[in-house]
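The next block holds one structure in the form of C-alpha cells; read it before the comments.
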Amino acid sequence: MSENPPLLSISDIFKDAKYSIPIYQREYAWTITEVTQLLSDLCSQAKDNRKDNYYLGTLVINKGIHGKEEVIDGQQRLTTLYILLAYLSHSEESSYTVNFEFDTLLFDSRPQSISALQAIYYKKLDDVNEPAIKAAYKIIRNNLGQYLKDFSITLKEFTDYLINKTLLLKVTVPPDTDLNHYFEIMNVRGEQLEKHEVLKSRLMGFLIKFPEDRQLFNTVWEAASDMNRYIQLFFTRDTKNENKNTRKKIFGDDGNTIPASYEELLTAFINTQEINKKEKESSKPSLNEILNSKEFVYLEEAENIEGHEQLTAVINFPNFLLHVLKIQENNKEIVLDDKQLLKQFELIYKDRSDQSQFAKDFCFSLLKTKFLFDKYIIRNLDLGKETKWVLRKQEHQFVQGKSHYLKDTFEKDDNTQDKTDHNQIIMLQSMFHVSFPTRIYKHWFNATLYHLFNNSENGVIEADQLIAYLEKLNDAFFFDRNQSVNMEYEEIIYDNKGEAKNSNVSDDIWLEGTGTKNFIFNRLDYLIWYYATIEKSTYKNLIDSSKANNFQFGFRSSVEHFFPQQPRNGEKAPFDDIDRFGNLCLISQQKNSRFSNDLPKAKKANYHRPDDKPESLKMELMWDHADDWNEENLNAHEELMKEILNSTYER
C-alpha cells in the first residue's frame, strides 16, 4: 500500500481523475436503502459538524495503463458520488458546476453502464437504460430536498460540505499486487471492536463491584443484540425443575410478560442461577452409579428455531441502543445516529454520580424495549421471491416435549378468524417503515417504542390502544410536518405525545411534483385501504375490497407522471400542470424501469394486469380512467385524493 495515502476532498477525488471499474467488479447495485443512508449521513454531518471534516471511507485503486486508475474497493460509493454531483450540477437551485468530464468514471466492457453515466452527466435521463443507475439518480432527486428540510440546511450548505469537507482516503496498492489475493484479504473481517462492543465494556465496567448485576447485564445484552431472534430464547429453559427455569421466572407462564422493575428481574435471574451453580458444583455420579440407577434420564429437547431466522428486523442493534437510551432518558436531544453511539451515551452517563445505577437502569430498559420490539413491531418475512410484513409473538410451553411456537400478536384467544386489528397495525407500521427506510433517525420507530414503553403493563398492551396511537401519529406526521415551517419530530413525539396540533396542510405540498414526499403517497394508500376494508360506509365503492385486501406496502421510491412529461408521440397534455399531485404516482424501481413515455391508455394496455397484486391503490384508481385521462377526470381524482388525505383519526 502507499506509505502515506492522502485524505482527499470529494472535489479533489474527481478533479483530473480517470477511474475505471474492472470487469471482475460487480455492477452498480446500490438501492434506496444505501443511497438514502448516504444522503442522510451527509446531511446529518453538515448540520451537526459543519466545521469538521467527515471521513466517508476508503477508495482503493490500482495504477493501470494510460493513466487510468482501476477501482479495487469503493466503486459503489464512488459511482453514487458521481451521480450525486451530476444531479447537483443540474439543479436550478444549485450553483455547483462539476470539475470533471463525463469519462472520469468508466466501466470496463460495460457499454450500457458507460452510456448511462454519460446520459446522467448530460441530464438526459430518458436515455439511461441501466436501471440501477437511473434509479439512484431518481432517489437522489426525490429525497434530497426532504432531507435538507429535515436537517434544516440549505442546498448550498450541503453542496459545500460534500465537496470540501467530506473526505475519502485514497489508497494505491503496490505494483504487481496479486489482486485475487488482495480480495481474499479484503473480505476477511478484522478483529477491531465495534462501537457497541466498546459501549458494552464501558457499561459493564460500572458494575465491577456487582458481579451478579454484571452477569445479568451480559446476558441481557447478548440476548438483545440479535435483532432477528426473540429475546426469550437466550434465557435458560428447564421443564423438569421450576427453580432452574430462568425463562419462565422472567417471562411468565407463557413467555409473554416481563418483570415490573429491575429488582424483580435481578431476583428472578439470580435465584435460578444460584440453583444451576450449586448443581454444577455438586459431585458428579460415577459411571457405576449411573448404570445402576433406576431413574430415567431426560434430556432437554433442542428447541426448534426453524423459520425464525427468516424474520428480519427493521433496525440494527447499534441504532436500537440509541432508541432505548432516548426513551429511557426521555431526552429529545439524543441523536439517533449510530455513528455517534459512544458520544451520545457518554453525554448521559459522564455526569451521573452513580454510574452503576445507570448501567442497571439501562439493563432493564434494554430487556423491556427488546421484548416490546419483538412482540409489537413488524418484521419482514422472507418468502423467497417476495416478502411479507408480519407481527408475531412467541407462545412458550414449559412442558416436557413441547417448546414454543409463533402466533399473530393480536390473534383472538378464541381462535376466531377476525384479524382486523392485527392487520391494521401491520398496515400502519409498514406504511411508516417504507416511507422512512433508513436505519438512522427512524422517528416513527422511536415514537412507537416510546408509546409502548410508557403505556404497556408488564409488557402487554391492547390492540385498540396501539391502533389509536399509530393513527394519531399518522395524522401528526402529515399535518404537522407539512406546514410552511415544519414541526420537529421530537416535539411531535415527546411534547405532544403523537397528537397532531394542525388540521390542515400547506398548499405548497401539492405543487412539488416528483419531489412530493413518499410518505404522502403511502399515507394515501393506507387510507384508501382503510376505507375499502374497515370503514366502508364513508366512501362506498371506492375500490374493490379484494384489491385492497391483496395490497401490502413495498419499498417504492420513484415518483412518476401518469401522463408523461415527454409523450412518445409528442401529444400535448390535456391539462395545464403536468406536475400536479393528481397526475403523480409512487412506483417501485422495477416498475419504473418498464414505465415509459407512453400515454396512460398505452401504459394500461402494456403494463396493467387486473389480476396482478396492486403496487399502489392510488394508481389502481388512476387505471380506471386511463382510457380518458382528461382534465375533468384528473380534477375529480385529485380532489378525492386530497379529501381522503385530509381526513383525520376521528374520521
For segment 29-149: lysine pairs under 14 Å (alpha-carbon distance), excluding those fewer than 8 apart on one chain: 5
Cα to Cα, under 17 Å, and not fewer than 8 places away if on the same chain: which lysines meet these conditions relative to LYS368? LYS248, LYS249, LYS326, LYS360, LYS393
Could you list, in their original order, any pairs among LYS375/LYS547; LYS388/LYS547; LYS339/LYS442; LYS572/LYS603 whose Cα atoms are separated by more than 23 Å? LYS375/LYS547
List the residues, sorted by chain then number, that are 5 or more residues from LEU105 or on another chain and whose placed amide H is less than 5 Å from its amide H. TYR19
Given points 7 Å out from each Cα along the Cα-Cβ axis, report the ASP507 to SER201 separation in nanometres with one decimal. 6.1
At a 1.4 Å probe, what is the % contribution of carbon and sulfur to the accessible area of segment 1-122? 47
Could you run the Karplus curve 6.51 cos²θ - 1.76 cosθ + 1.60 with θ = phi - 60° over segment 502-511 and give me ³J(HN,Hα) per residue in whole Hz, x for Gly and Pro? 10, 10, 8, 10, 5, 5, 5, 5, 8, 10
Can you compute the label reach from GLN566? Point 7 Å from Cα along the Cβ direction, backbone N cut-off under 18 Å, restricted to segment 594-629. 594-600
The aspartates and glutamates whose Cα lies under 19 Å from the Cα of LYS18, excluding any fewer than 8 residues away in the same chain, are GLU27, GLU69, GLU70, ASP73, GLU101, ASP103, ASP108
Net charge of neighbours whose Cβ lies under 10 Å from the Cβ of TYR19, counting Lys and Arg as +1 and Asp and Glu as -1: -1
Less than 20 Å apart at the alpha-carbon level, and either on another chain or at least 8 residues along: which lysines does that give for LYS642? LYS472, LYS501, LYS517, LYS536, LYS540, LYS618
What whole number of Å gives the distance from the Cα centroid of segment 576-650 to the Cα centroid of segment 421-460? 29
Within the chain, which DSSP H helices have Cα atoms that stretch 27 Å or more along the helix axis and a mean Kyte-Doolittle hydropathy of at least -0.5? 131-150, 355-376
For the chain, the per residue accessible area (1.4 Å probe, Å²) is 47
Would you mind telling me the antiparallel percentage of the DSSP bridges in the chain, rounded to 5? 65
Pairs of Cα atoms farther than 46 Å apart, the chain, %: 27
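The values are calculated or read from the model by the stated rules, or taken from the named source; none is laboratory data. Source: prediction; values computed, not measured. Quick reminder, even Gly has a Cβ in these numbers, built from the backbone with ideal geometry, and neighbours come from all protein chains shown. The accessibility values were calculated without ligands, DNA or RNA, using every heavy atom of the protein model including side chains. Shrake-Rupley method; radii C 1.70, N 1.55, O 1.52, S 1.80 Å.
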